[in-house]
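One structure below.
The values are calculated or read from the model by the stated rules, or taken from the named source; none is laboratory data. Remember, it's a predicted structure, so these values are computed and weren't measured experimentally. Note that we place each Cβ from the backbone using ideal geometry, even for glycine, and neighbour counts take in every protein chain shown. Surface areas here come from the heavy atoms of the whole protein model, side chains and all, with no ligands, DNA or RNA. Shrake-Rupley method; radii C 1.70, N 1.55, O 1.52, S 1.80 Å.
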Amino acid sequence: MSDYNVIVIGAGIGGLAISALMAKQGRKVLLLEQSDRVGGCCSTFEREGYHFDLGASLIEDIQVMDWCFQRLGTTLAQEVELIPPHLIFSIIFKDGSRMRYPKSIEESAQEIAKIAPEDVKGWYDFCKYMKAFNDAAVEGFFVKPANTLGDVVRMFQQTPTMLKYMPLFNGNYQAVLKKFFKSDKIRESLSYQCFYAGLPPELLPGLYAVIPYSEHEGIYYSKGGMVAIPAAFRRVGEKLGMTTRLNTLVKKVMVKDRRALGVVLADGSEITADLVISDINAKKLYLDLIGEEHLPSIVRTGVKSYEYAMSTPTVYLGVDYDPPLESHHTLATIPMEEMNKYWWDEYEQGRYPAQQFGIISCTTRSDPDLAPKGHNIIILTMGPGPYKLDGTTWEAEKKELLPKIIKYYSDRYIPDLEKHVSVAEFSTPADFEKRLLSPEGAIYALRQDVPHSICFRPAAKSKSIKGLYLVGASTHPGGGVPVVTASAMNAADLIEKYEK
Ligand SMILES: Cc1cc2nc3c(=O)[nH]c(=O)nc-3n(C[C@H](O)[C@H](O)[C@H](O)COP(=O)(O)OP(=O)(O)OC[C@H]3O[C@@H](n4cnc5c(N)ncnc54)[C@H](O)[C@@H]3O)c2cc1C
């Protein structure tokens, strides 16, 4: 008899949600996390009284998360205090001019009219088209398993309206923006969101162009920092009987005759289980924790062909003034064509200039209690950073790069920033890899282009190892806090069906 019915590796949102769902199914669950906290990419850490979000800084599509909490016998609203930021985001364009997107579609149209009246109609058409796609996708795509080609066919049979949106799956992000908007500036204002999904406008599938619309359905911050969300899953799961063990690194998944039998920890101890569920990077899971010797050769080749998602160097700043930032999120943008050029000429060449663009999160705009009174938090989540730098290392560059980045942001985006920094921490792709054991510092585990999507992404129910399931950003539907919550619901359904 096994020690547990279920062992879950990794307490990211996906791991927490599936652990709680498994406990709800009446199974004896052990959740193992290598770090000293839960949440993974969606967590919060403290330095000298400032509380910084490690990765995720907002959620949207909250109904998906609510469905998950409902399955657990509660609701999202009961478990997490959500704060809606008063603006969706502000923009600082490359030319220094500014713009804002309020929540209301109409008010956003008024802002667009100030810059490009010719694009107001395009904005309304874009919102109408994307609303219909979003409505279909949330139920018809996110919370549906995509384990096999058959699942994908069923997905479209059950929600046939999705077929209307095939051009979004075949085309790219850039083409969608070009179809709806004429002005380069309006296109620039809606283009940074492609890096929310990890690729530049010309490489990212068009379906992700839903993001600049779906944010208008509502974005939320959680009081106390993003860690409030994983903390809620942990609390609810533990009430249902799951056990969480922090500072516990899983070294190996025990496999015999192509069946998962449990795990081996860093100290050599073994824990057995009927089912093993992984919330860690799938490529690492299969190649390192399971081992190539347990994989059929075709699977081995397939797994090796997966590419890791991009990484995002991040600067965490505690400041002793009120910075001139009106929104929770300000996007420091560059034109779409320059984003593509940056990808090929800098990122792909292993270069990382200090002249950066990206998201400026001022989380104290939503929750002032995250910093000492009169102080604020600024997090610079910048353009994609290569894992390997050309001719140098992140360790060698980090110290000199940080003041250069702060100066650049101070001169260009956040006046006087340089004079008011009391705490500064720079997380490079190498740091991110060390912290969360995320290979190459990948922020969404694996790339999110068509060859890495839907039934081409590693399957939630492993096809090569019995008793092994996957949740989190590595499996369908991909990265994002609500999205990985959906992956946990999909896995729970499969387990209920196949593992009585
Ligand atoms: C910089 C950044 C910004 C983001 N912004 C947003 C946003 O604003 N909104 C949004 O919705 N999403 C955002 N995301 C994406 C979102 O945070 C992630 O997709 C999601 O949180 C990933 O959850 P996960 O369950 O896949 O696992 P992860 O968060 O990757 O967690 C995996 C866990 O496994 C642990 N682990 C790894 N190896 C082992 C091992 N061998 N043994 C034990 N434990 C192990 C890790 O320590 C980690 O805690 C962002 C991500 C990043 C990185």
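Ranked highest first by the average count of other Cβ atoms within 10 Å around their residues, in what order do 434-446, 8-20, 113-125 fall?
Result, highest mean Cβ count within 10 Å first: 8-20, 434-446, 113-125.
For region 259-387, with the dipole built from +1 on Lys and Arg beta-carbon atoms and -1 on Asp and Glu ones, taken about the Cα centre, which of Ala273, Tyr286, Met382 lies farthest toward the positive end?
Ranked along the dipole, the leading option is Tyr286.
Before rounding to the nearest 500, sum -39500 (n - 2.57) across all DSSP H runs of length at least 4 in the chain and divide by the residue total; then give [θ] at 222 nm in deg cm²/dmol.
It comes out at -9500 deg cm²/dmol, rounded to the nearest 500.
Starting from the alpha-carbon convex hull of the chain, give the projected area averaged over all orientations, in nm².
Values: hull surface 88.8 nm².
Its average projected convex-hull area is 22.2 nm².
Rounded to the nearest percent, how much of the accessible area of the chain (1.4 Å probe, protein heavy atoms only) is carbon and sulfur?
It is 52 percent, rounded to a whole number.
At a Förster distance of 35 Å, what's the computed FRET efficiency of Lys463 paired with Lys407, Cβ-Cβ distance as r, to 0.05?
The formula returns an efficiency of 0.10 here.
Taking only protein heavy atoms into account and a 1.4 Å probe, give the accessible area per residue of the chain in Å². Display every interim value, and only then the final one.
Values: 19400 Å² over 500 residues.
I get 39 Å² per residue for the chain.
Which of the lysines could a cross-linker span from Lys463 if the Cα-Cα distance has to be under 27 Å and same-chain partners fewer than 8 positions apart are dropped?
Those lysines meeting the cut-off are Lys24, Lys28, Lys144, Lys251, Lys252, Lys256, Lys283, Lys284, Lys304, Lys497, Lys500.
How would region 327-404 be classified by its alpha-carbon gyration tensor: rounded, prolate or oblate, with rounded meaning a/c under 1.5 and the a/b versus b/c comparison settling the rest?
oblate
Kindly work out what percent of the DSSP beta bridges joining two residues of the chain are antiparallel, to the nearest 5.
70 percent
So which helices of the chain fit the span-like rule, where a helix is a whole DSSP H run, its Cα atoms reach 18 Å or more along the axis, and its mean Kyte-Doolittle is at least 0.5? Don't skip to the end; give the middle numbers.
Numbers: long enough: 120-137 (25 Å, -0.36); 394-412 (26 Å, -1.14); 481-498 (26 Å, 0.62).
The qualifying helices are 481-498.
Net charge near Lys239: determine it from the other residues with C-beta under 12 Å of the C-beta of Lys239, scoring Lys and Arg +1 and Asp and Glu -1.
Taking every other residue near Lys239 into account, the sum is +1.
Under a Cβ-only charge scheme (Lys and Arg +1, Asp and Glu -1), can you give me the dipole magnitude of the chain about the Cα centre, in debye to the nearest 20? Mind dumping the intermediate values first?
Numbers: 56 positive and 61 negative charges, 272 e Å.
For this selection, approximately 1300 debye.
If Lys and Arg each add +1 and Asp and Glu each add -1, what is the summed charge of the other residues whose beta carbon sits under 11 Å from the beta carbon of Val423? Let's see the in-between values first.
Details: positive: Arg47; negative: Glu46, Glu48, Asp320, Glu425.
Overall, the nearby charge balance is -3.
Once you have a ≥ b ≥ c as the square roots of the Cα gyration tensor eigenvalues for region 1-42, tell me rounded if a/c is under 1.5, and otherwise prolate or oblate according to whether a/b is larger than b/c.
Details: a/c = 3.49, a/b = 1.64, b/c = 2.12.
It comes out oblate by the Cα gyration axes.
At a probe radius of 1.4 Å, what is the per-residue accessible area of Ser90, in Å² to the nearest 10?
Ser90 exposes around 10 Å² with every protein chain in place.
Among Val64, Ile91, Phe142, whose Cα lies farthest out toward the positive end of the dipole of region 50-146, if unit charges sit on the beta carbon of Lys, Arg (+1) and Asp, Glu (-1)?
Ile91
Net charge within 14 Å of Lys28 by Cβ-Cβ distance, Lys/Arg positive one each and Asp/Glu negative one each, not counting Lys28 itself?
-1
When the chain is fully extended, how far beyond the present Cα-Cα distance does Lys256 get from Glu397, taking 0.36 nm per residue of separation?
Length gained between Lys256 and Glu397: 46.3 nm.
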